[in-house]
Structures are given as C-alpha cells and as structure tokens.
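Novice: Supplied in structure tokens, the structure appears directly below.
The values are calculated or read from the model by the stated rules, or taken from the named source; none is laboratory data. Just so it is clear, the structure is predicted and the values come from calculations on it, not from any experiment. Cβ placement follows ideal geometry from the backbone for every residue including glycine, while neighbour counts extend to all protein chains displayed.
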Amino acid sequence: MSDTSRQGDWTKPAAMAIPEGSFFKDEVKQGRYGPIFPKTPACYGFSIIAKIIPGREPVFYEYAKNIEKAVAGQPDVLAVLKLHYLRWNLFEIKGETYFQYMGIFDTDFDKYVEDAVGLFAASGLVTVFENLEGFPNDWKTNAPAFIKFVRDHHRPSFLEYGEYPFVSADEIKKALQLKAAFSNMLDQMQ
C-alpha cells in the first residue's frame, strides 16, 4: 500500500501496524543514507535508545533547560526541523543510564538529520547526543557518521496512531491561525 493510499481522510483517526524491522518490504524506498523509514499517520519519526557516558545525567537536564530558553527567546529556532514533537527520557537498566529520544516530524529521515546537523553546525550549538557512548566526535562535518549512530540506536515502533493522520505541523498551525482569525472576526461582530 502506498503512502498516498494510506493518507485518506485526515478527519478520521488512523493507526498503522509497522512490520518487524520498521519497513514495508514491498515499499522500501532508498534515501541518501539507506532505507527511508515509512511515513505513518503520525508523520515521519524515529526513536533512539543509547547509553549515556557515566556521570553525564546533569548535562541532559541542563541541556533541556537551554533548549527551553532558546525556544522561548526565538520560537522558530528549531523550525527547520519541521517538528511535531520531541520526547526525551533518561532511565536505568542494570545500574546504567540510558537516553531515549523520540521525535515526530514532517520530513523524511535523511532530510531531518541533515537539517539537524546543519542547524547545530551553523549555530555553533552542540547536541546533547555528544554525551552518548559511541557518538561520533566529527558529527558536525560528517552527516553519514551521525546517521549511522542514529540508525544503529534506532528502536522502531510497531504501531503508530494519528488522531489527525498525515497532517503536517504547518497545516496544523495554519488551521489554528484561521480559527483564531475567525474567532477574532466573530468577537468584533458582537
């Protein structure tokens, strides 16, 4: 089944069971850095789980505060990534701390990673991923190494659900702007 045939009516919630291995074998699309993860009702995304360098837990919490401040100061600082949402978790397994990154976005995997590397390289920012075991030191100039790390640590989902399936973040923002404008117009008519 193609992406377009799956993308039916956005007004009806949709769920997609993803086969083991995270690809539909009859539809594997090759990108610049390997197979493209499928677009699902939640759009594109990936999840990684990686062990953090021991003792670096405080760095993750400080980094989260820095991202919060950056977004508050410049709301479009991450706009190039076309994000819907990110979720970060730290958890322990047998006394070792692991980091889980879950992201949902509108671009395919290759574009997202290239945009992320470009964003950090251009801004001079670092990524919290630098605190993960095995993360490449040359990630800012070596997108393939960054991508290999992500692919090696990716934990594919086997079910994704969208209450408003296949709708982009920009479409959601436009709908909310239209709603606000319409509401404002009705308020002025009273």
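Novice: Of all residues in region 136-163, which are closer than 30 Å to P19 by Cβ, in contact with a helix residue (DSSP H, G or I) (Cβ under 8 Å, 6 or more places away or on another chain) and modelled with pLDDT of 90 or more?
Specialist: Scanning region 136-163 gives P136, F149, V150.
Novice: When you scan region 136-155, do you find a residue that is outside any helix (DSSP H, G or I), in contact (Cβ under 8 Å) with a residue 24 or more places away in the chain, of a type outside the set (S, T, Y) and under 22 Å from C43 (Cα atoms), even just one?
Specialist: In the first step, residues of region 136-155 are kept if they are outside any helix (DSSP H, G or I); the result is 136-142, 154-155.
So of that shortlist, the ones also in contact (Cβ under 8 Å) with a residue 24 or more places away in the chain come out as 154-155.
This time we only want the ones that are of a type outside the set (S, T, Y), so: 154-155.
Checking the rest, the ones that are also under 22 Å from C43 (Cα atoms) come to 154-155.
Scanning region 136-155, I find at least one residue that is outside any helix (DSSP H, G or I), in contact (Cβ under 8 Å) with a residue 24 or more places away in the chain, of a type outside the set (S, T, Y) and under 22 Å from C43 (Cα atoms), so the answer is yes.
Novice: Give me the pairs: first residue in region 28-43 and within 18 Å of G103 (Cβ to Cβ) and β-branched (V, I, T), second residue at pLDDT below 80 and in a loop (DSSP other than H, G, I, E, B), beta-carbon distance under 7 Å, and six or more apart or on different chains, which are they?
Specialist: I36/K29
Novice: Report yes if A181 is surrounded by 13 or more Cβ atoms within 10 Å (Cβ to Cβ) and either assigned to a helix (DSSP H, G or I) or small (G, A, S) (or both), otherwise no. Can you show your working first?
Specialist: Values: surrounded by 13 or more Cβ atoms within 10 Å (Cβ to Cβ): no; either assigned to a helix (DSSP H, G or I) or small (G, A, S) (or both): yes.
When the stated conditions are applied, A181 does not pass them.
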